[in-house]
Amino acid sequence: MLNTDSDGLALEILHQDEQLAVVNKPAGLMVHDSKLARGERDFAADRLREQFGKPIHLIHRLDRATSGCLLLAFDRDTAALLGRQFMSREVRKLYWAVCRGWPADTEFVIEHPLDGGPGKPDKKPATTHVRVLAKGELDEPAAGFPTSRYAWLECAPETGRFRQIRRHLKHIDHHLIGDTSHGDGRRNLAFRMRGIHRMLLHARALSFAHPVDASPLRIEAPLDAAFKRALQLFRWQQDNRVYIAS
């Protein structure tokens with residue numbers, strides 16, 4: 001379902017009912033104003049208030065460069081109930097990412113404490129569950145090898161620390177492609193030379209209980225054209241559950 005407006009700024013609506021909505025935030029759009037905005041004037045929160053024609057309450061955040069599922073509520077009571085689900089880790093978040101290198105294991109857990117970002121030096125426990133969906137290579141030398149290796153990952157953060165997935169992937173030396181803050185500049189350039197100018201992190205799915213009747217909801221966000229092009233480089237195919245390595 002896609003609502004459009006005259007200037008084309010409406011976001012794709014993945015789910016909507018009287019209490020809440022999930023939208024597909026595009027990469028490059030900030031969720032709301034903050035110290036990191038640096039003069040930016042276009043925010044998802046402002047677009048959504050205009051798009052829905054009423055107040056909205058953002059339940060969580062996504063980095064500017066991350067696309068995908070963004071959950072919001074239309075009233076304070078619903079926002080509080082959903083917020084408690086997030087705090088108690090009852091909401092399951094799944095992200096798709098493309099990283100440099102081939103992780104040694106198909107499934108593994110990254111447990112590495114992280115600080116809260118600028119001005120928040122105290123470190124707290126952080127856990128990310130990772131599954132390798134596919135592996136592939138590009139025909140160009142890297143790190144002394146004749147080809148460069150990449151992997152398509154499904155990441156499920158158990159905690160919600162500042163830039164958690166990006167920093168966890170850096171910690172295990174499998175940097176996220178397109179990440180200009182925590183990534184590998186040479187690998188990022190290799191993708192830009194192929195026309196892919198975004199960070200390859202996508203909030204693929206949210207699973208949670210509806211705050212009114214506790215019915216289970218699983219909302220999935222489709223990929224944008226740039227992320228699809230990245231998968232096509234390796235002939236990885238995405239049709240819900242099929243993953244094919246080159």
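The values are calculated or read from the model by the stated rules, or taken from the named source; none is laboratory data. Computed from a prediction, not measured in an experiment: that's the story for all the values here. In this analysis, Cβ positions are derived from the backbone assuming ideal geometry, glycine residues included, and neighbour counts consider all displayed protein chains.
Would it be correct to say that ARG198 is surrounded by 15 or more Cβ atoms within 10 Å (Cβ to Cβ) and modelled with pLDDT of 95 or more? Taking the combined requirement at face value, the residue satisfies it. Here the range 91-122 is the region considered, the condition is being among the charged types (D, E, K, R) and modelled with pLDDT of 95 or more, and the residue that is farthest from ILE165 (Cα to Cα) is ASP105. Of the residues making up the range 16-48, those that are modelled with pLDDT under 90 and either on the phi < 0 side of the Ramachandran plot or part of a strand (DSSP E or B) (or both) number 9. Within the range 125-141, the set of residues being surrounded by fewer than 12 Cβ atoms within 10 Å (Cβ to Cβ) and either at pLDDT 95 or above or under 20 Å from the mean Cα position of the chain (by Cα) (or both) comprises PRO125 only. Number of residues in the range 42-82 that are among the small types (Gly, Ala, Ser) and within 19 Å of the chain's Cα centre (by Cα): the value is 5.
Give the range 205-219 a look and list any residue that's free of Cβ contacts under 8 Å to residues at least 12 places away in the same chain and out of contact with any Ser or Thr (no Cβ under 8 Å at 6 or more places or on another chain), or say none. Reasoning before the result, please.
Filtering the range 205-219 down to residues free of Cβ contacts under 8 Å to residues at least 12 places away in the same chain leaves 213-216.
Hits for the range 205-219 are ASP213, ALA214, SER215.
Regarding the range 135-149, can at least one residue be identified that is under 19 Å from PRO222 (Cα atoms) and charged (D, E, K, R)? Before you say what the answer is, go through the steps one by one.
Of all residues in the range 135-149, those under 19 Å from PRO222 (Cα atoms) come to none.
Checked the range 135-149: no residue is under 19 Å from PRO222 (Cα atoms) and charged (D, E, K, R).
Please name all residue pairs, on different chains or six or more residues apart, with Cβ atoms under 9 Å, provided the first residue is in the range 84-109 and is over 22 Å from ALA142 (Cβ atoms) and the second residue is of a type in the set (Val, Ile, Thr) and part of a loop (DSSP other than H, G, I, E, B). That search, which allows pairs on different chains as well, returns GLN85/ILE59; GLN85/VAL91; PHE86/ILE59; ARG89/THR159; VAL91/ILE59; TYR95/THR66; PHE108/ILE172.
Across the range 185-231, the number of residues qualifying as assigned to a helix (DSSP H, G or I) and of a type in the set (S, T, N, Q) comes to 1.
From LEU176, LEU223, grab the single residue that is more than 15 Å from CYS99 (Cα to Cα) and either in contact (Cβ under 8 Å) with a residue 60 or more places away in the chain or polar (S, T, N, Q) (or both).
Details: LEU176 fails: more than 15 Å from CYS99 (Cα to Cα).
The conditions single out LEU223.
Look at the range 1-29: where a residue is under 15 Å from LEU217 (Cβ atoms) and buried (at least 19 other Cβ atoms within 10 Å of the Cβ) and a partner is β-branched (Val, Ile, Thr) and at pLDDT 95 or above, sitting 6+ places away or on another chain with Cβ atoms under 7 Å, you get LEU14/VAL22; LEU14/VAL23; LEU14/ILE219; LEU20/THR78; ALA21/ILE13; VAL22/ILE219; VAL23/ILE13.
Listed residues ASP122, ASP46; which is acidic (Asp, Glu), surrounded by fewer than 18 Cβ atoms within 10 Å (Cβ to Cβ) and farther than 23 Å from ALA221 by Cβ? Spell out how you get there, then give the answer.
Values: ASP46 fails: farther than 23 Å from ALA221 by Cβ.
Answer to the selection: ASP122.
Residues being over 11 Å from CYS99 (Cβ atoms) and assigned to a strand (DSSP E or B): count how many of those fall in the range 149-164. I'd like the intermediate steps shown before the answer.
At the first step, the residues of the range 149-164 found to be over 11 Å from CYS99 (Cβ atoms) are 154, 156-164.
Next, only the ones that are assigned to a strand (DSSP E or B) stay: 154, 156-157.
Within the range 149-164, residues that are over 11 Å from CYS99 (Cβ atoms) and assigned to a strand (DSSP E or B) number 3.
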